[in-house]
Each structure stands twice: as structure tokens, then as C-alpha cells.
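Asks: After the C-alpha cells below, expect a handful of questions from me.
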Amino acid sequence: MKKSVRLEFYFIAIALFFLCGYVWHSVFVLEHENTKLKVAVLDIGQGDSIYVEAPNGRQMLIDGGRTSKILSRLSEVMPFGDRSIDVLVVTNPDADHFAGFINVLENYDVGMVMESGTVSTSKTYKAFVALLAEKKIPDVLARSGMDVLLDAKKNVHMEILFPDRDVSHFTHNDGSIVSRLIYGATSVMLTGDATKHTENILVSKYPKEELESTILKVGHHGSRTSSGASFVKAVAPKYSVISDGKNNSYGHPHKETLDTLLSAGVKILRTDELGTIVFQSDGIEFMRRYQH
């Protein structure tokens, strides 16, 4: 009798073990079967850095800020233990957009880099280029018409809108890469430091439906030199995000820019007030996800 009880208990224990394993596996798979696009405008002080993670896990980092602060911010939004990033985009070679990439290159495996083609002679930029060569990382000039495919199954891709020409004689800001990240009915306009001059080129070149975006990453940290009324009207965003440092010496964002966005009925979110700002899209709408 005792032996029978022991055997019954033994078989029940085995059954429970496999049942728990099945439940754990099912929960794990469901939790990690991602259908969302993540876009995080990182709080890296006075500078730009936007992290993008497609549903299939491919990642892109548009700009890297000025300092090693980018590393701690990445650890907050990337999967634990992930040490690779597929694409780095340098919208322009000002230090507050690319210098942090040196730290990224030293700590992550990077697939490729995209640049605008404006010229910089700074020591920091030369060190960045030398590191790319040392690590044999492809360095591509971004040009309008290029399409960076992040997730073929979900058709998550980034269209390059500008530069549409050689910008080696442009200022860094005028020659900034402008791109549009698209997932289903949702999109993000990524502007770097693009000026009103560049915005006017875009408005005259593209029909409104190719500029309209759910989110506008506001150009040049909210400076009055960017975010002209005609461009904001063409993009017609629901949200605008300003990447700026708290109490920065430039006075960003400028009142003129805030007034333009408010007049267009656009919700304004700022990293100096909110820290890192994270959105997730299911291809139908973007929802803001709050950091803890």
C-alpha cells in the first residue's frame, strides 16, 4: 500500500513538473513573441539619440549623443545581454549627435553606419572614422530613395528623404539626414538638426502623404532655426518629441518652436522634463509606454 502511494505521488510529481514546464514555456514564448515596434527617444542631455527596435528584434540607433551616457540609456531599453546593434545613423557630424557612438562601437557589435556626407575635421570625428576602419564596419552615405528594411515580415522600414544630393559643401545642420520610419499606419519623422531650409526642400519635393507622420522628432532640439509652420503642417504629427538638456545654454526649446507646434495642435513631449520617452506601435497606432 505504501509503495502504491509513493508511486502515485511520484507520477503526480512528474506530471506537475511537465505541466509547469509547459506553462512556463507558453508564457515565455508569448511574452517574447513581439509584434510591437519600439521607439525610444533617449535622455542623453543636450543632444540626440533615438533607439529603434523592430518586432523581429533588429535594432537601429539614430545618433548617439555627446558622451558615454548613451551606454547607460541603452541598457534601460535594450534586451538584457544584447551586445549588438544592426545600424547606426549619424544624422550630422556635430559632437552632440555622434561622439557617443565611439563608446557604442567599443562596447557593441555594429552591422553598419549611415552618414550624411557633410564634412567635419574635428579630432573626435576623425577618431570615430578611424574606429570604423579598424573594426571594418561598412560606412554608407545616406541618399533619398534608400530604404532600410528592419523587419521584412512586418514591413518595418526607414525611408531616407534627405540628403537628395551631395551635401559636402552644406553646413552640418542643412545637410542633416531626414528619414521616415514606417510600420503599418504609423510613422516617425526623424529630422536630426535639419533647418527650415532643408524642411522647405522636403515640402516642395514630396507630396503631403509621404511626409505625414504620427510622431515628429523635432529638429535641432527645438531651435527656432527648425520646425517651420509649413513643415509641421505637412507632417501633421499627433506627437512631437524634443530631445534637449535640462537648463541648456542654448535656451532650447525656443518659444517660437513651441508656439508653432501648439498652434498646429501637436502634443509636445520633452526629454528635459520627462526623461527617456518610449513609444510602441502595433502598426495601427503608437502608444506611449512609461518608463519605471
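The values are calculated or read from the model by the stated rules, or taken from the named source; none is laboratory data. Everything numeric in this text was worked out from a predicted model, so none of it was measured. Note that we place each Cβ from the backbone using ideal geometry, even for glycine, and neighbour counts take in every protein chain shown.
Asks: Hey, among the residues in segment 129-146 that are surrounded by 11 or more Cβ atoms within 10 Å (Cβ to Cβ) and not in a loop (DSSP other than H, G, I, E, B), which one's farthest from the chain's Cα centre (by Cα)?
Replies: Ala130
Asks: Let me ask another. Just one of Leu211, Leu269 is closer than 21 Å to His197 by Cβ, modelled with pLDDT of 95 or more and in contact with a strand residue (DSSP E or B) (Cβ under 8 Å, 6 or more places away or on another chain); which is it?
Replies: From the options Leu211, Leu269, the qualifying one is Leu211.
Asks: Residues in segment 252-264: is at least one exposed (fewer than 15 other Cβ atoms within 10 Å of the Cβ) and touching a Ser or Thr at 6+ places or on another chain (Cβ under 8 Å)?
Replies: Checked against the condition, which is being exposed (fewer than 15 other Cβ atoms within 10 Å of the Cβ) and touching a Ser or Thr at 6+ places or on another chain (Cβ under 8 Å), segment 252-264 yields no hits at all.
Asks: Please find, among Asp193, Asp174, the residue that is over 26 Å from Leu105 (Cβ atoms), assigned to a loop (DSSP other than H, G, I, E, B) and either of a type in the set (Ser, Thr, Tyr) or touching a helix residue (DSSP H, G or I) at 6+ places or on another chain (Cβ under 9 Å) (or both).
Replies: Residue meeting the stated conditions: Asp174.
Asks: Just for helices (runs of 4 or more DSSP H) wholly inside segment 199-292: which have at least 2 residues that are within 20 Å of Ser49 (Cβ to Cβ) and out of contact with any Pro (no Cβ under 8 Å at 6 or more places or on another chain)?
Replies: 271-274
Asks: From the list Tyr125, Tyr108, pick out the single residue that is farther than 27 Å from Gly219 by Cα and in the same structural domain as Val278 (by TED's automatic domain parsing).
Replies: Unique residue meeting the criteria: Tyr108.
Asks: In the set Gly64, Gly57, which member is under 22 Å from Phe279 (Cα atoms), assigned to a loop (DSSP other than H, G, I, E, B) and touching a residue at least 24 places away in the same chain (Cβ under 8 Å)?
Replies: Residue meeting the stated conditions: Gly64.
Asks: Checking the structure you have, find out if any residue of segment 41-56 is over 14 Å from the mean Cα position of the chain (by Cα), modelled with pLDDT under 95 and at negative phi.
Replies: For segment 41-56, residues over 14 Å from the mean Cα position of the chain (by Cα), modelled with pLDDT under 95 and at negative phi: absent.
Asks: Against the condition surrounded by fewer than 20 Cβ atoms within 10 Å (Cβ to Cβ) and not aromatic (Phe, Trp, Tyr), how does Gly245 come out, does it pass?
Replies: Yes, satisfied.
Asks: Output the residues belonging to segment 147-156 that are of a type outside the set (Lys, Arg) and surrounded by fewer than 18 Cβ atoms within 10 Å (Cβ to Cβ).
Replies: Result: Asp147, Leu149, Asp151, Ala152, Asn155.
Asks: Does any residue in segment 229-249 that is touching a residue at least 60 places away in the same chain (Cβ under 8 Å) and assigned by TED's automatic domain parsing to the domain that holds Leu269 come within less than 7 Å, Cβ to Cβ, of a residue that is among the polar types (S, T, N, Q) and buried (at least 23 other Cβ atoms within 10 Å of the Cβ) six or more places away or on a different chain, and which pairs are these?
Replies: Every condition considered, the pairs that remain are Ser243/Thr271; Asp244/Thr271.
Asks: Which members of segment 197-228 meet the condition of being over 23 Å from Gly145 (Cβ atoms), of a type outside the set (A, V, I, L, M) and either without any contact (Cβ under 8 Å) to a residue 60 or more places away in the chain or outside the structural domain of Asp48 (by TED's automatic domain parsing) (or both)?
Replies: His220, Gly222, Ser223, Arg224, Thr225, Ser226, Ser227, Gly228
Asks: Out of all the residues in segment 73-116, which are touching a Pro at 6+ places or on another chain (Cβ under 9 Å), of a type in the set (Gly, Ala, Ser) and surrounded by 20 or more Cβ atoms within 10 Å (Cβ to Cβ)?
Replies: Answer for segment 73-116, where residues must be touching a Pro at 6+ places or on another chain (Cβ under 9 Å), of a type in the set (Gly, Ala, Ser) and surrounded by 20 or more Cβ atoms within 10 Å (Cβ to Cβ): just Ser116.
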